[in-house]
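Trainee: A single structure is presented below for examination.
Taken together, the values in this text are just the output of simple stated rules run on the coordinates, not laboratory data. Predicted model only: the values in this text are computed from it and were never measured. Here the Cβ positions follow ideal geometry from the backbone for every residue, glycine too, while neighbour counts run over all protein chains shown.
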Amino acid sequence: MTEQEFMNSIANGKVDVLRQFLDMLRELSIDYCIIGGLAVNAYVEPVVSLDLDVVIALSDLERLKKAAATLFQIETFPHSINLKSRYSDFRIQLQTDKFYQDKSLIRNASLRKVMGYEMKIAALEDVLRGKIQAYSDEERRRSKRQKDLADIFRLVEAYPHLKDMLPESVKNLIQ
């Protein structure tokens, strides 16, 4: 079983939703970067995630939503737009929060292979910054924040120099 087949298997995928989405971005010439758990998986031993957190320029958002409407159900939230296919449990979350709209985030991303897919992944330091931001958001569910903290730990264990980027409150948890 290939990594892509594995991803589709755990997502109960009748179609390869991730491939459809990546192809859509390429066909529309929309620049992007992956953040979140799958981005963490690009740098450390992977863990299963059924979410793809994506950053695109807000100026490309309407064009992408229009194209995505033919394949996905679209739901809008205060800081994201979620795309869901009826053919898979895999979820795509377009991050619209201003924290992620720094143009350097996409510019600093590079192609990396994750779970058998080649994608533009945010730079290591940007992935960590995003995880720190997510963990620090006390309005997020506690279980999500704990996963973010575990991702921070995974990154710092693999790249000890990143510890210098952590706020004191998180550094104290690592000690």
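Trainee: Within segment 44-85, list the residues whose amide N lies under 17 Å from a label point set 7 Å along Cα→Cβ of GLU139.
Mentor: 76-82
Trainee: Then there is this: Convex hull over the alpha-carbon atoms of segment 3-123: what's its volume per residue in Å³?
Mentor: 96
Trainee: Next question. If you look for lysine pairs in segment 3-123 that are eight or more places apart or on different chains, how many of them have Cα atoms under 17 Å apart?
Mentor: Lysine pairs satisfying the spacing and distance rule in segment 3-123 number 4.
Trainee: Taking other Cβ within 10 Å of each residue's Cβ, how do LYS84, LYS66, LYS147 sort, fewest first?
Mentor: So the residues, fewest neighbours to most, are LYS66, LYS84, LYS147.
Trainee: Also, I was wondering about something else. Under a GNM of the chain (C-alpha, springs under 10 Å), which listed residue has the highest mean-square fluctuation: LEU18, LEU58, LEU124?
Mentor: Looking only at LEU18, LEU58, LEU124, the largest GNM fluctuation is found for LEU58.
Trainee: Could you point to the residue in SER80, SER104, LEU128 farthest towards the positive end of the chain's charge dipole, with +1 and -1 charges on the Cβ of Lys/Arg and Asp/Glu respectively?
Mentor: SER80
Trainee: Taking the Cα centre of the chain as origin and charging only Cβ (+1 Lys, Arg; -1 Asp, Glu), how large is the dipole, in debye to the nearest 20?
Mentor: 240
Trainee: Counting only other residues whose beta carbon sits under 15 Å from that of ASP137, what net charge do I get with K and R as +1, D and E as -1?
Mentor: Result for the local shell: +3.
Trainee: Would you work out the relative contact order for segment 3-123, in percent, from Cα pairs under 8 angstrom that are 6 or more residues apart?
Mentor: About 31 percent, as a whole number.
Trainee: Hey, rough spin-label estimate for ALA69 and LYS14, points 7 angstrom out along Cα→Cβ, what's it come to in nanometres?
Mentor: 2.3
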